[in-house]
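Okay, handing you the structure first.
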Amino acid sequence: MKDYSQFDVLVIGSGAAGLYAALCIEPRYKVGLITKSKLKTGASGWAQGGIAAAINPNDSYLLHLEDTLKAGAGLCDRVAVEFLVTHGAKAIRSLVDMGVAFDRKNDHLAMTLEAAHSRPRVLHAADTTGKAIVTSLMEQVLQRSNIQVLSQAFALKLWLNEATGRCQGISVLYNHKITWISASAVVLATGGGGQVFAQTTNPSVSTGDGVAIAYRSGATVRDLEFVQFHPTALTKPGAPRFLISEAVRGEGAHLIDETGRRFAFDYHPQGELAARDIVSRAIFTHLQKTNTNNVYLDLRPIPEAKIRYRFPNIIHVCSKWGVDLFNEPIPVAPAAHYWMGGILTDTNNLTSIPGLYAVGETASTGVHGANRLASNSLLECIVYAQQLSNLTIKPVETELISPSVQVIETSFPIEEVKKIREELPVLVWQSAGICRTEKVLENAIAKIQSWRTYLRSLPWNKYLEQLSPTQTVEFTFPEAETNLRLYAETLNLLDIAYLILQSAVFRTESRGGHYRLDYPETDPLWQVHTLVKRDSWQKSIIN
Ligand SMILES: Cc1cc2nc3c(=O)[nH]c(=O)nc-3n(C[C@H](O)[C@H](O)[C@H](O)COP(=O)(O)OP(=O)(O)OC[C@H]3O[C@@H](n4cnc5c(N)ncnc54)[C@H](O)[C@@H]3O)c2cc1C
């Protein structure tokens with residue numbers, strides 16, 4: 001095994017953001033790409049609908065800008081959005097050059113309309129766009145001699161220089177050991193945190209690790225109360241909450257209730273093509289009114305040949321769970337889908353900690369505001385990761401340490417941690433889901449706080465939060481490694497749950513992906529960001 005104790009740049013996460021970032025960093029730098037599961041695992045590979053870019057002659061970046069700002073409900077950072085939409089065409093060109101086979105129509109890139117876009121501008125590769133992008137990026141990464149991939153390596157904690165506060169590496173659980181890896185720059189690309197909700201479209205790796213790790217080291221995090229709930233996730237007993245892409249409604253599918261009525265127009269003039277939060281809340285309210293568990297998505301208004309061409313994966317997954325979508329509507333309900341908030345970054349992806357960068361869903365660049373416009377997130381991953389090509393760093397200065405090795409022989413009782421891991425998402429879904437109130441949030445926070453205190457009192461904590469960079473830990477008892485990983489992920493989930501709920505209490509209004517039943521109106525005085533550092537919650541200046 002190659003030496004992995006020192007890199008120029010460490011990238012944590014191998015979704016679209018992490019892979020593309022690793023490729024953009026100048027090849028003269030030695031890059032370590034760390035990922036906690038397989039290289040291909042992450043939300044990026046699951047993206048279906050596509051990637052938005054204003055490249056059609058009837059479109060313009062100004063229209064894309066306008067649509068993004070409108071969806072973001074007053075909280076987008078205009079400069080960040082301008083940067084996103086003006087770099088869209090370049091990002092798409094680069095992906096095409098890397099071999100991403102987007103669908104074409106008459107030799108041109110094909111584009112579809114998605115909810116809240118004023119023009120068809122979503123490029124796709126059937127309904128597995130994310131897989132097409134990730135596969136091409138992975139192939140490129142594996143060919144690059146300056147990039148070393150460490151799979152099944154779990155980032156635990158940032159390594160900050162005690163004197164300067166600069167990030168100079170991380171501790172990682174890898175190959176039966178906890179070791180410290182030094183680097184001149186660390187890029188967090190760890191994705192979202194959907195697993196904190198019982199109903200989610202996100203994969204199992206989406207546990208908010210980057211936000212939790214950065215927050216614990218004192219980074220400023222922003223707008224964590226804003227969570228996008230996707231209106232249409234498959235709702236079949238035993239099936240995962242598989243996402244039925246927005247593009248299906250864009251192509252003409254209807255949302256109907258048990259009686260077959262198109263109810264979405266009762267709630268908004270744009271019906272099923274209104275913004276996601278509006279459609280999600282319409283379904284949620286309709287389910288409560290009708291005392292039912294799901295509504296239906298009827299694809300039968302779309303010509304059969306088009307369904308077969310555009311949505312082969314949706315056909316496949318639905319049929320696996322017993323739904324023949326050519327002859328019956330698909331049972332669907334909302335699920336947590338995308339986390340707008342994250343680690344505060346500037347347009348160069350720099351966080352508030354020197355040497356620490358964040359990109360992709362884990363970052364808060366300001367492009368999504370209070371609500372993300374569909375298909376803008378893959379674009380954000382690519383456009384912002386591209387910025388890392390400007391990264392210039394000094395060679396690693398950290399002295400290589402000769403760590404003391406502690407061998408872990410004992411196993412700790414894990415059952416209680418497993419129980420918390422199961423109960424937490426149910427509590428968060430019930431308290432901080434589509435509709436929120438102060439009383440319910442406060443009760444849930446009290447429970448979460450008691451779990452956080454309990455977890456921090458367990459002996460594992462000395463390997464996670466209290467380990468110093470002169471210590472390496474080796475596991476000779478195999479289960480201890482698995483248990484520590486479960487412990488670390490559960491603690492991350494508890495920390496992000498606390499941050500989401502506390503931010504949801506803080507914001508006494510409704511806006512975008514944050515809806516308060518006790519404050520249902522949007523308040524102009526709240527057109528500000530929620531900034532969190534350690535235990536301090538603050539409003540930014542007016543956006
Ligand atoms: C079902 C679904 C469909 C979607 N469809 C679309 C779409 O059509 N268009 C669009 O624009 N967006 C879509 N999105 C959103 C979009 O896919 C994500 O926002 C985007 O892919 C995030 O990319 P990322 O690289 O930031 O994170 P991810 O792709 O989630 O990658 C995160 C990586 O970090 C790793 N990681 C996490 N924690 C650690 C740790 N502690 N140590 C080491 N590694 C770690 C993970 O293993 C993973 O490799 C969809 C999301 C889902 C879930």
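The values are calculated or read from the model by the stated rules, or taken from the named source; none is laboratory data. The structure presented is a predicted model; accordingly, all values stated were derived computationally and were not measured. As a convention, Cβ positions derive from the backbone with ideal geometry for all residues, glycine included, and neighbour counts pool all protein chains shown.
Among the residues of segment 285-300, are any closer than 28 Å to residue 436 by Cβ, within 16 Å of the ligand (Cβ to nearest atom) and either outside any helix (DSSP H, G or I) or modelled with pLDDT under 95 (or both)?
The initial filter retains those residues of segment 285-300 that are closer than 28 Å to residue 436 by Cβ, namely 285-297.
Among the residues that remain, those that are also within 16 Å of the ligand (Cβ to nearest atom) are: 297.
Subset that is either outside any helix (DSSP H, G or I) or modelled with pLDDT under 95 (or both): 297.
The answer is yes, given that some residue of segment 285-300 is closer than 28 Å to residue 436 by Cβ, within 16 Å of the ligand (Cβ to nearest atom) and either outside any helix (DSSP H, G or I) or modelled with pLDDT under 95 (or both).
Separate question: Restricting attention to segment 24-38, which residues are surrounded by fewer than 24 Cβ atoms within 10 Å (Cβ to Cβ) and more than 6 Å from the ligand (Cβ to nearest atom)? If you could, list the steps in order and put the result at the bottom.
At the first step, the residues of segment 24-38 found to be surrounded by fewer than 24 Cβ atoms within 10 Å (Cβ to Cβ) are 24, 26-30, 37-38.
Scanning segment 24-38 gives 24, 26, 27, 28, 29, 30, 38.
Kindly provide the set of residues from segment 343-391 that are assigned to a helix (DSSP H, G or I), hydroxyl-bearing (Ser, Thr, Tyr) and within 10 Å of the ligand (Cβ to nearest atom), ordered by number.
Step one: filter segment 343-391 for residues assigned to a helix (DSSP H, G or I), giving 360-362, 376-390.
After this cut, where a residue has to be hydroxyl-bearing (Ser, Thr, Tyr) as well, the list is 362, 377, 384, 389.
Across segment 343-391, the qualifying residues are 362, 377, 384.
Is segment 39-51 home to any residue that is part of a loop (DSSP other than H, G, I, E, B), farther than 19 Å from residue 151 by Cβ, within 7 Å of the ligand (Cβ to nearest atom) and out of contact with any Asp or Glu (no Cβ under 7 Å at 6 or more places or on another chain)? Even if it seems obvious, please write down each step before you answer.
Filtering segment 39-51 for residues part of a loop (DSSP other than H, G, I, E, B) gives 39-43, 47-50.
With farther than 19 Å from residue 151 by Cβ added as a condition, the list becomes 47-50.
So of that shortlist, the ones also within 7 Å of the ligand (Cβ to nearest atom) come out as 47-50.
The next check asks that each one be out of contact with any Asp or Glu (no Cβ under 7 Å at 6 or more places or on another chain); those that pass are 47, 50.
Yes, because at least one residue in segment 39-51 is part of a loop (DSSP other than H, G, I, E, B), farther than 19 Å from residue 151 by Cβ, within 7 Å of the ligand (Cβ to nearest atom) and out of contact with any Asp or Glu (no Cβ under 7 Å at 6 or more places or on another chain).
Further question on the same structure: Go through segment 461-492 residue by residue and tally those that are surrounded by fewer than 19 Cβ atoms within 10 Å (Cβ to Cβ), within 13 Å of the ligand (Cβ to nearest atom) and more than 11 Å from residue 156 (Cβ to Cβ).
Count: 1.
Spot the failing condition for residue 87; the list is (1) within 12 Å of residue 383 (Cβ to Cβ); (2) surrounded by fewer than 18 Cβ atoms within 10 Å (Cβ to Cβ), and only one is missed.
Looking at each condition in turn, residue 87 falls short on (2).
Scan segment 195-205 and give yes if some residue there is at pLDDT 95 or above, away from the ligand (no atom under 11 Å from the Cβ) and more than 22 Å from the chain's Cα centre (by Cα), otherwise no.
Scanning segment 195-205, I find no residue that is at pLDDT 95 or above, away from the ligand (no atom under 11 Å from the Cβ) and more than 22 Å from the chain's Cα centre (by Cα), so the answer is no.
Identify the residue in segment 125-156 that is over 30 Å from residue 178 (Cα atoms), more than 10 Å from the ligand (Cβ to nearest atom) and among the small types (Gly, Ala, Ser) and, among all such residues, is surrounded by the most Cβ atoms within 10 Å (Cβ to Cβ).
Going through the qualifying residues, I end up with 132.
Okay, next question. So which of 300, 261, 276, 281 ends up being closer than 13 Å to residue 115 by Cα and of a type in the set (Lys, Arg)? Can you show your working first?
Working: 300 fails: closer than 13 Å to residue 115 by Cα; 261 fails: closer than 13 Å to residue 115 by Cα; 281 fails: closer than 13 Å to residue 115 by Cα.
Just a single option satisfies the conditions, and that option is 276.
For segment 192-240, give me the residue count where each residue is aliphatic (A, V, I, L, M) and over 27 Å from residue 456 (Cβ atoms). Reasoning before the result, please.
Here is the first cut: in segment 192-240, the ones aliphatic (A, V, I, L, M) are 196, 198, 205, 211-214, 219, 221, 224, 227, 233-234, 239.
From the residues that got through so far, the ones that are over 27 Å from residue 456 (Cβ atoms) too are 233-234, 239.
Summing the residues that are aliphatic (A, V, I, L, M) and over 27 Å from residue 456 (Cβ atoms) in segment 192-240 gives 3.
For segment 244-260, state whether one or more residues are surrounded by fewer than 24 Cβ atoms within 10 Å (Cβ to Cβ), over 30 Å from residue 309 (Cβ atoms) and within 11 Å of the ligand (Cβ to nearest atom).
No, that holds for no residue.
May I ask you to list the residues in segment 2-16 that are within 20 Å of residue 156 (Cβ to Cβ) and within 13 Å of the ligand (Cβ to nearest atom)?
10, 11, 12, 13, 14, 15
Mind listing whichever residues of segment 67-104 are part of a helix (DSSP H, G or I) and more than 12 Å from residue 367 (Cα to Cα)? Before the answer, list the steps.
Start the filter on segment 67-104 by keeping residues that are part of a helix (DSSP H, G or I), which leaves 67-71, 78-86, 88-97.
Residues satisfying the conditions are 86, 88, 89, 90, 91, 92, 93, 94, 95, 96, 97.
Next question. How many residues does segment 52-80 hold that are within 16 Å of the ligand (Cβ to nearest atom), under 26 Å from residue 103 (Cα atoms) and in contact with a helix residue (DSSP H, G or I) (Cβ under 8 Å, 6 or more places away or on another chain)?
6
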